[in-house]
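> The following block contains the structure, expressed as structure tokens.
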Amino acid sequence: MLSFYTLLCKEVLRVQKVAFQTLLSPILTALLYLLIFSHVLEQHVEVYPGVRYTAFLIPGLVMMTVLQNAFANSSSSLIQSKITGGIVFVLLAPVTYWEFFLAYVTASVVRGLAVGAGVYLAALWFAQPPLQFPLWILLFAVLGSALLASLGVVAGIWSEKFDQLAGFQNFIIMPLTFLSGVFYSIHSLPAFWQELSRFNPFFYMIDGFRYGFFGASDVSPWLSLAVVSGCLLGMAGFTLALLKSGYKLRL
Amino acid sequence: MLPAVDVRKVRKHYGNLRAVDDVDLRIEQGEFFGLLGPNGAGKTTLINLLAGLALPDGGQVSVMGYDVVRQYRNSRMLLGVVPQELVFDPFFTVRETLRLQSGYFGLRRNDAWIDEVMHHLDLSDKADFNMRRLSGGMKRRVLVAQALAHKPPVIVLDEPTAGVDVELRRSLWRFIRQLNRDGHTVLLTTHYLEEAEALCGRIAMLKQGKVVALDSTQNLVGSVPGCRVRLRLSGGLPAALLPRVVERADNDYLLALPSYQALEPLLAELREAGVAVLEMSVQQPDLEDVFLRVMKVAHEAARPC
Ligand SMILES: Nc1ncnc2c1ncn2[C@@H]1O[C@H](COP(=O)(O)OP(=O)(O)O)[C@@H](O)[C@H]1O
Ligand SMILES: [Mg+2]
């Protein structure tokens, strides 16, 4: 148990020590999106009745930031310690594979939530979306970031170079977030793209998270909860099996 | 008594390469054991198998009776490894690094021991330095301190003195010897054969993944007959003696003799040739002679007929 706690502390300390890169810069990026999209679209789009576009956009942007940072954290921390070799200190210790998993995932959830909270607070200056069901918000933020953190562990273990990790980010994470309804409701899409969105787990994470704010969503929050939980369980199982086998870590 | 390290028929192949090839090795508790061999012999791979950094393709490894695969938590608790590569975590200070390492091993308040280890390794005044600011030698000391953070009964050092200054080598060996006297088992690989000869009670020599010699240091050194003679002569060596030359620089020679009895005829030969001896010393064979001999024999044995 102390092994888990120590590894968690180490991962959180790492985030703090490079806070400019891990906390501040993603918050600034999200605010830039907010500034530009809300400026361009505020007059033209009303997604839910009575909700200004900027207010609609904020939860999506917050969740996108939460997810991207959870993924970035576990994946880049792992690949970094693989490249510097510092990972041996953990591999030499009696740390079980599930302690390893929980520590990396928890630290990444913490960073995801910290960055998300930062974006939310800063965004309040532009618009103030309602907070209908805060527990749903928290639930989706935790489950979604845990799912992405777990995917980040797999990406970090599998990648040998930073470009491979960047490939993961550019070809999987980015397209799936952008096609998930961060910037729009999928009801505004043509039928084909609407159907396709339903196969995108990111859609359910964003939609469920947004439900917590507005009490309105594209699909039932219970369906989103079921999909996100199912994906998380599957991903966690896969990641744990990979860690247990020692794949690319214990040669 | 349980052996500290028990390696049974262990095999590790990387593609066609047999990095460790059916190795059997048993190290008793309290031993100071040396693992020698040329680059690529498989020393680090064997250590990785012991530490769980690599998984064996066959055979079993145990540390103090615990199987390193099935009972890895117990075996890793009992093992401290100084890796060969100079690795470090760039985010932390020396003290943070050692506290984290203690925590991974389940030790909460370990500062008294951390301070003691830092003291013995002359790291005390660097405690609050970031790892990035340390020189290579200092980083190596931290690696040693990390391996010792949980007071492991079995200590493994993989070429800990490669590229390290004389001062650190001395203080390191003083400390490791002390730990060995206190009952810790030590497994050492090194390129400095005189170091191994001075420190290790028993030695295994590895070549191409196989153990090619395994005995007490005393027996190994005694296994090479004869002696070596270092000579400075007034002129060139008579042709009849040339096959005995091991090294030569101008009129300085190092000759290998099959026994001390060959010394008398050698001097007679020089006198007859009219060459005077300006300086002379006789040397016992050392581990280096054994090493070269064993490696040569292993090489010839491996050659297809
Ligand atoms: N992860 C690996 N993948 C492929 N080959 C490896 C790996 N690790 C070691 N080897 C090979 O195994 C052999 C033994 O290496 P090593 O154990 O490092 O030798 P030593 O420590 O005695 O110098 C070398 O030929 C090395 O190239
Ligand atoms: Mg080596």
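> Just to be sure I understand the rule: take each whole DSSP H helix in chain A, project its Cα atoms onto its long axis, keep it if the span is 30 Å or more and its mean Kyte-Doolittle hydropathy is at least 0.0. Which ones pass?
Answer set is A:53-84, A:97-123, A:134-158, A:221-245.
> Nearest 100 Å², what total accessible surface is buried between chain A and chain B (probe 1.4 Å)? Walk me through the numbers before you get to the answer.
Details: alone 11970 and 15880 Å², together 25210 Å².
Summed over both sides, the interface buries about 2600 Å².
> Could you point to the residue in B:Leu242, B:Gly274, B:Ala256 farthest towards the positive end of segment B:226-284's charge dipole, with +1 and -1 charges on the Cβ of Lys/Arg and Asp/Glu respectively?
B:Ala256
> Amide H to amide H under 5 Å from B:Leu206: which residues, 5+ apart in sequence or cross-chain, H placed 1.01 Å off N in plane?
B:Leu36, B:Gly37, B:Val212
> Please go through segment B:19-70 and write out the chymotrypsin sites (Phe, Trp or Tyr not before Pro) that DSSP classes as loop and that have at most 10 other C-beta atoms within 10 Å. Walk me through the intermediate numbers first.
Working: sites: B:Phe32, B:Phe33, B:Tyr66; in loops: none.
The qualifying sites: there are none.
> For A:Gln132 and B:Arg108, what is the calculated FRET efficiency with R₀ set at 35 Å and r taken between the beta-carbons, to the nearest 0.05? Walk me through the numbers before you get to the answer.
Working: r = 43 Å, r/R0 = 1.24.
According to the calculation, E is roughly 0.20.
> Okay, next question. Residues of segment A:219-251 with backbone nitrogen within less than 16 Å of a virtual label 7 Å along the Cα-to-Cβ line of B:Leu55, please, listed as ranges.
Within reach of a label on B:Leu55: A:238-251.
> State the Kirkwood hydrodynamic radius of segment B:48-139 in Å, one decimal place, computed from all pairs of distinct Cα atoms. Please list the in-between numbers first.
Working: mean 1/r = 0.0669 Å⁻¹.
About 14.9 Å, per the Kirkwood formula over Cα pairs.
> Buried by at least 40 Å² relative to the chain on its own: which residues of segment A:1-34 qualify, computing accessible area with a 1.4 Å probe on protein heavy atoms?
When all protein chains are present, A:Leu2, A:Thr6, A:Lys10, A:Lys17 each give up 40 Å² or more of accessible surface.
> Which one, B:Met118, B:Cys227, B:Leu100, projects farthest toward the positive side of the charge dipole computed for chain B from Cβ point charges (K/R +1, D/E -1)?
B:Leu100
> So how far apart, in nm, are the two label points at B:Arg293 and B:Gln29 if each is 7 Å from Cα heading toward Cβ?
3.5
> Tally Lys and Arg at +1 and Asp and Glu at -1 over the other residues with C-beta under 12 Å from the C-beta of B:Thr190: what net charge comes out? Write down the numbers at each step before the final one.
Numbers: positive: B:Lys43, B:Arg169; negative: B:Asp158, B:Glu159, B:Glu194, B:Glu195, B:Glu197.
Result for the local shell: -3.
> Mind checking the full-extension length gain between A:Phe199 and A:Phe178? Use 0.36 nm per residue of separation minus the Cα-Cα distance, one decimal, nm.
Values: separation 21, 0.36 × 21 = 7.56 nm, distance 1.38 nm.
Stretched out fully, the A:Phe199 to A:Phe178 stretch lengthens by 6.2 nm.
> A further question on this structure: In the Gaussian network model of chain B, springs joining C-alpha atoms below 10 Å, which of B:Arg109, B:Arg141, B:Arg11 carries the largest mean-square fluctuation?
Of B:Arg109, B:Arg141, B:Arg11, the Gaussian network model singles out B:Arg109 as fluctuating most.
> Would you mind checking which residues have amide H under 5 Å from B:Leu157's amide H? H placed 1.01 Å from N; only 5 or more apart, or other chain.
Amide H neighbours of B:Leu157: B:Val82, B:Leu187, B:Leu188, B:Thr189.
> How much FRET efficiency would the formula 1/(1 + (r/R0)^6) give for B:Leu2 and B:Gln218, where r is the Cβ-Cβ distance and R0 is 25 Å, rounded to 0.05? Don't jump to the answer; show the numbers that get you there.
Numbers: r = 25 Å, r/R0 = 1.01.
Between B:Leu2 and B:Gln218 the formula returns 0.50.
> Quick one: what are the phi-derived ³J(HN,Hα) couplings along segment B:97-112, Karplus 6.51/-1.76/1.60 with θ = phi - 60°, whole Hz, x for glycine and proline?
Couplings: 4, 6, 5, 4, 4, 4, x, 4, 8, x, 9, 8, 9, 10, 5, 4 Hz.
> Determine, at each q value in 0.10, 0.15 (inverse angstroms), the log₁₀ of I(q)/I(0) that the Debye formula gives when each Cα of segment A:45-156 is one equal point scatterer.
So the normalised log intensities work out to -0.37, -0.68.
> Regarding segment B:226-284, what are the three Cα extents along the principal axes, ordered largest first, in Å?
The Cα atoms of segment B:226-284 stretch 25, 22, 20 Å along their principal axes.
> Which value, in debye to the nearest 20, describes the size of the charge dipole of segment B:5-221 about its Cα centre when Lys and Arg Cβ atoms bear +1, Asp and Glu Cβ atoms bear -1, and nothing else is charged?
Dipole of segment B:5-221, to the nearest 20 debye: 440 debye.
> Out of residues 5 or more away from B:Lys12 or on other chains, whose amide H comes under 5 Å of its own, with H placed 1.01 Å from N in the peptide plane?
For B:Lys12, the qualifying residues are B:Ala19, B:Val20, B:Asp21, B:Asp22, B:Asp57.
> Could you provide, to the nearest whole Å², the per residue accessible area of the protein assembly as shown with probe 1.4 Å? Numbers along the way, then the final one.
Details: 25210 Å² over 556 residues.
Accessible area per residue, the protein assembly as shown: 45 Å².
> A:Lys244 accessible area, nearest 10 Å², 1.4 Å probe?
140
> Please report the carbon-and-sulfur percent of the accessible area for segment A:2-245; probe 1.4 Å, protein heavy atoms only, DNA, RNA and ligands left out.
Working: 7300 of 10130 Å².
About 72 percent, which is the carbon plus sulfur part of the accessible surface.
> Same structure again: What is the ratio of the Cα radius of gyration of the protein assembly as shown to 2.2 N^0.38 Å, with N the residue count, to two decimals? Please list the in-between numbers first.
Values: Rg = 31.9 Å, N = 556, 2.2 N^0.38 = 24.3 Å.
Rg over 2.2 N^0.38 Å, computed on Cα atoms: 1.31.
> Sticking with this structure for a sec: Could you work out how far apart the two model spin labels at A:Ala191 and B:Leu278 are, taking each label as a point 7 Å from the Cα in the direction of the beta carbon, and quote it in nm?
In this crude label model, A:Ala191 to B:Leu278 measures out at 10.4 nm.
> Quick one: what Rg and Dmax do you get for segment A:2-245 from the alpha carbons, in Å?
Rg, Dmax (Cα atoms, Å): 18.0, 59.
> Which of the residues in segment A:63-98 lose at least 50 Å² of accessible area when you go from the chain alone to all protein chains together (probe 1.4 Å)?
The answer is A:Thr84, A:Phe89, A:Leu92, A:Pro94.
> Between B:Gln29, B:Gln146, B:Gln178, find the one with the highest GNM mean-square fluctuation for chain B; connect C-alpha pairs within less than 10 Å.
Comparing B:Gln29, B:Gln146, B:Gln178 in the GNM, the peak value goes to B:Gln178.
> Enumerate the whole-percent occupancy of each 20 Å bin, from 0 to the last occupied one, for all C-alpha pair distances of chain B.
29, 48, 21, 3
> When chain B is treated as a GNM, springs tying every alpha-carbon pair under 10 Å, which of B:Thr93, B:Thr161, B:Thr44 comes out with the largest mean-square fluctuation?
Per the Cα network of chain B with a 10 Å cutoff, B:Thr93 tops the list.
> Under a crude label model (7 Å from the Cα following the beta-carbon direction), how far is B:Arg73 from B:Arg248 in nanometres?
The two pseudo-label positions are separated by 6.6 nm.
> Sticking with this structure for a sec: Please give the length that would be gained between B:Ala198 and B:Ala262 if that part of the chain were fully extended, namely 0.36 nm times their separation in residues minus their C-alpha to C-alpha distance (nm, one decimal). Can you show the working numbers first?
Working: separation 64, 0.36 × 64 = 23.04 nm, distance 2.83 nm.
That works out to 20.2 nm of additional length.
The values are calculated or read from the model by the stated rules, or taken from the named source; none is laboratory data. Please read all numbers here as calculations on a predicted model, not as lab measurements. Note: ideal-geometry Cβ built from the backbone for every residue, glycine included; neighbour counts use all protein chains shown. Surface accessibility is based on the protein's heavy atoms, side chains included, excluding ligands, DNA and RNA. Shrake-Rupley method; radii C 1.70, N 1.55, O 1.52, S 1.80 Å.
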